[in-house]
1. Report, by residue number, each residue of region 72-94 that is farther than 16 Å from residue 115 by Cα and out of contact with any helix residue (DSSP H, G or I) (no Cβ under 8 Å at 6 or more places or on another chain).
2. Consider region 23-53. How many of its residues are in contact with a helix residue (DSSP H, G or I) (Cβ under 9 Å, 6 or more places away or on another chain), loosely packed, with under 14 Cβ neighbours inside 10 Å and among the basic types (Lys, Arg)?
3. How do the pairs read when you match residues in region 105-131 that are within 19 Å of residue 1 (Cα to Cα) with residues anywhere that are assigned to a loop (DSSP other than H, G, I, E, B), using Cβ under 8 Å and keeping only pairs 6 or more apart or on different chains?
4. Pick out the one residue from 103, 99, 138, 150 that is under 24 Å from residue 31 (Cα atoms) and at pLDDT 90 or above.
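The values are calculated or read from the model by the stated rules, or taken from the named source; none is laboratory data. Quantities reported herein were computed from a predicted structural model and do not represent experimental measurements. Here the Cβ positions follow ideal geometry from the backbone for every residue, glycine too, while neighbour counts run over all protein chains shown.
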Amino acid sequence: MMVRLDQMNSEEFQKYLSFAIKHFADEQIKSGNWKPEEAISKATEEYEKLLPEGQDTENNHLFTIRDGSKEVGMIWLAQITNEKGFIYGLNIWEGNQGKGYGKKTMQEIEVLAKKFGLKSIGLHVFAHNNIARDLYEKLGYIEKNIKMEKTL
């Protein structure tokens, strides 16, 4: 497996954005944070705030993940400060999951982050996403905050 991170072109970005808004809305619904009838509009607002200039938004690096010529997913690294980065999205497309692409991509993004001068990378993972949580823990990410809630 040869994982390569290529800057997204505008067509790839539009495809990603459509997927990401729906996926983010679904994750928020699953987590009990948003109601289904409001989720898409709230997710759209979030992406408009985070990426006001689309894939050209300053200090945001959106990559298509490729194995050879095959597109297997995407990753989005934002440079929050001169030393801190944040991964807003890592998605391995269906049919490519469970093959090591996530792990290899995370290793590659760390190499790029160091080239950008970053000293740390943060990320968010939904509590119900055990596969992602396990991957991040194996790669050395540690929990910094845990938000808990009880439905009454």
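1. 93, 94
2. Going through region 23-53 one residue at a time, the tally reaches 1.
3. Matching pairs, first to second residue: 106/139; 107/139.
4. One residue alone meets the criteria, 138.
A quick yes/no check of all residues on (1) of a type in the set (Phe, Trp, Tyr); (2) over 13 Å from the mean Cα position of the chain (by Cα); (3) modelled with pLDDT of 95 or more:
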residue	(1), (2), (3)
23	no, no, no
41	no, yes, yes
45	no, yes, yes
67	no, yes, yes
77	no, no, yes
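Condition check ((1) within 23 Å of residue 13 (Cα to Cα); (2) of a type in the set (Gly, Ala, Ser)) across all residues:
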| site | (1), (2) |
| --- | --- |
| 102 | yes, yes |
| 107 | yes, no |
| 130 | no, no |
| 148 | no, no |
